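Quick notes on the structure that follows.
The values are calculated or read from the model by the stated rules, or taken from the named source; none is laboratory data. Please read these numbers as outputs of a predicted model, since none were measured by experiment. Heads up, the Cβs are rebuilt from the backbone with ideal geometry, glycines too, and the neighbour counts pull from every protein chain shown.
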Amino acid sequence: MSLDLQGQLAAVARKVDPVIKSLVEEEKEIEVLYEASKHLIDAGGKRLRPFLVLKSCEIVGGKEDDAIQLAAAIELLHTFTLIHDDIMDEDEKRRGVPSVHALWGKPMAITAGDLLFAKVYDSVIRCASPKHVAYRRVLKALSVITDAAVSICRGQTLDMLFASMEEISEEQYLRMISGKTASLLKASSQSGAIFGGGTASQVKLIGEFANYCGLAFQIVDDVLGLTADEEVIGKPVGSDIRDGKKTIVIVHALNKANREQRQLILSTLGKIESPPSRIEEVIQTVKSLESINYALSKAKDFIDKAKAQLSPFPASPAKDALLELSNFLVSRRY
């Protein structure tokens with residue numbers, strides 16, 4: 001990540017984080033609920049989605065300040081999905097710290113996630129005022145966010161169903177991550193452009209930009225889950241294999257594997273008790289099948305498509321920032 005992009009992401013965090021924390025203010029009687037809700041927010045994160053909201057607002061001529069409350073809402077929605085995702089996958093770590101359910105138990109983690117989901121709508125509704133954002137824009141943004149929430153549920157369901165299926169196609173995989181991951185990035189950009197007063201055409205273009213970025217983001221995430229340093233990514237390397245995830249790496253490897261390699265992969269996928277040595281053997285196998293390189297090539301193709309969506313927009317600092325973000329998504333190491 002370039003220093004300029006790093007600085008811009010940090011600037012967005014400084015603006016958005018206080019708003020997020022104000023939305024999740026503690027009540028002494030049930031302080032534990034708010035502690036659990038804020039846990040992953042306090043742990044950090046890249047704040048990519050708030051960044052997309054603000055820069056998409058700017059690229060259509062809007063004011064960044066008008067969309068900060070919206071950006072906070074999007075980050076709350078993202079955090080809600082992470083809490084519930086960790087419960088479903090039984091992951092014990094997230095962002096380098098214990099997951100919410102690991103510290104407070106599953107019932108409290110579910111409730112903490114539900115609170116954040118409710119606060120999403122609280123945050124967006126607060127934007128509606130004659131002096132802030134026109135009511136019709138808020139309603140349009142709420143519609144986009146709600147559609148994304150439904151798409152996330154669909155994508156998550158497919159992800160779970162695929163774990164019990166011996167084979168899925170690349171098309172099925174892309175449909176799954178389009179819902180589970182890309183839909184929220186798309187909603188981030190679309191809602192930001194709506195708040196900025198963008199035309200229907202601009203909102204569509206910026207949405208497609210973020211959608212392609214989201215597909216690339218998840219593919220790179222799949223690769224990092226097999227190749228990155230555990231301390232850097234903040235979660236166990238190889239956990240996707242233990243969880244039986246049909247990532248694009250696994251989909252490609254199963255298509256290219258010989259009988260012995262295929263048996264190794266399938267007999268390890270979804271086996272929680274698999275020792276590290278067996279997980280490493282699978283990782284080395286998919287590397288030998290060029291599945292890692294194939295996945296990274298697909299991610300680059302999606303980023304190229306993403307950049308093409310920004311061509312109609314005139315030069316601006318916001319456009320430069322979005323292009324730099326797209327480059328980071330395929331070169332990142334965490």
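Going through the stretch 24-51 one residue at a time, which ones are in a helix (DSSP H, G or I) and surrounded by 18 or more Cβ atoms within 10 Å (Cβ to Cβ)? Spell out the reasoning first.
Going residue by residue through the stretch 24-51, those that are in a helix (DSSP H, G or I) are 28-42, 48-51.
LEU33, ALA36, SER37, LYS38, HIS39, LEU40, ILE41, LEU48, ARG49, PRO50, PHE51, listed by residue number.
Which ones in the stretch 175-222 are surrounded by fewer than 20 Cβ atoms within 10 Å (Cβ to Cβ), farther than 14 Å from SER151 by Cα and either touching a helix residue (DSSP H, G or I) at 6+ places or on another chain (Cβ under 6 Å) or among the hydroxyl-bearing types (Ser, Thr, Tyr) (or both)?
At the first step, the residues of the stretch 175-222 found to be surrounded by fewer than 20 Cβ atoms within 10 Å (Cβ to Cβ) are 175, 178, 197, 199-201, 204, 208, 221.
Subsequent filtering for residues that are farther than 14 Å from SER151 by Cα retains 197, 199-201, 204, 208, 221.
Within the stretch 175-222, THR199, SER201, GLU208 meet the criteria.
Scanning the stretch 6-32 for residues that are at pLDDT 90 or above and basic (Lys, Arg) returns ARG14, LYS15. Pairing each residue of the stretch 33-49 that is modelled with pLDDT under 85 with any residue that is surrounded by fewer than 23 Cβ atoms within 10 Å (Cβ to Cβ), provided the two are 6+ apart or on different chains, yields C-beta distances under 7 Å for GLY44/ARG95; GLY45/ARG95.
Given the condition touching a residue at least 12 places away in the same chain (Cβ under 8 Å) and either within 30 Å of ASP65 (Cα to Cα) or in a loop (DSSP other than H, G, I, E, B) (or both), answer yes or no: does some residue in the stretch 256-263 qualify? Looking for residues that are touching a residue at least 12 places away in the same chain (Cβ under 8 Å) and either within 30 Å of ASP65 (Cα to Cα) or in a loop (DSSP other than H, G, I, E, B) (or both), one finds at least one in the stretch 256-263, hence yes.
Scanning the stretch 111-162 for residues that are out of contact with any helix residue (DSSP H, G or I) (no Cβ under 6 Å at 6 or more places or on another chain), under 28 Å from GLY62 (Cα atoms) and hydroxyl-bearing (Ser, Thr, Tyr) gives TYR121, SER129, TYR135, SER143, THR146.
Out of the residues in the stretch 89-110 that are part of a loop (DSSP other than H, G, I, E, B) and in contact with a helix residue (DSSP H, G or I) (Cβ under 8 Å, 6 or more places away or on another chain), state the one that is nearest to ILE272 (Cα to Cα). Checked the stretch 89-110; the qualifying residue nearest to ILE272 (Cα to Cα) is ASP91.
The single condition among (1) over 21 Å from LYS256 (Cα atoms); (2) of a type in the set (A, V, I, L, M); (3) touching a helix residue (DSSP H, G or I) at 6+ places or on another chain (Cβ under 6 Å) that ALA308 does not satisfy is (3).
Being within 26 Å of GLU58 (Cβ to Cβ), over 24 Å from the mean Cα position of the chain (by Cα) and surrounded by 15 or more Cβ atoms within 10 Å (Cβ to Cβ) is the requirement here; does PHE328 meet it? In short, no. In summary, ALA118 fulfils each of the numbered conditions (1) surrounded by fewer than 20 Cβ atoms within 10 Å (Cβ to Cβ); (2) under 28 Å from LYS319 (Cβ atoms) with the single exception of condition (2).
Number of residues in the stretch 52-75 that are surrounded by fewer than 24 Cβ atoms within 10 Å (Cβ to Cβ), in a helix (DSSP H, G or I) and among the aliphatic types (A, V, I, L, M): the value is 1. Working only within the stretch 78-110, note down all residues that are small (Gly, Ala, Ser), within 17 Å of the chain's Cα centre (by Cα) and surrounded by fewer than 17 Cβ atoms within 10 Å (Cβ to Cβ). The answer is GLY96, and nothing else.
When GLY96 is tested against (1) in contact with a Phe, Trp or Tyr (Cβ under 7 Å, 6 or more places away or on another chain); (2) on the phi > 0 side of the Ramachandran plot, exactly one condition is not met: (1). Any residue that is farther than 20 Å from ALA118 by Cα and at pLDDT below 85 - is there at least one of those in the stretch 70-89? Within the stretch 70-89 (the criterion being farther than 20 Å from ALA118 by Cα and at pLDDT below 85), the answer is yes, since at least one residue qualifies.
For the stretch 144-153, the condition of being closer than 21 Å to SER239 by Cβ, surrounded by 13 or more Cβ atoms within 10 Å (Cβ to Cβ) and out of contact with any strand residue (DSSP E or B) (no Cβ under 8 Å at 6 or more places or on another chain) holds for at least one residue.
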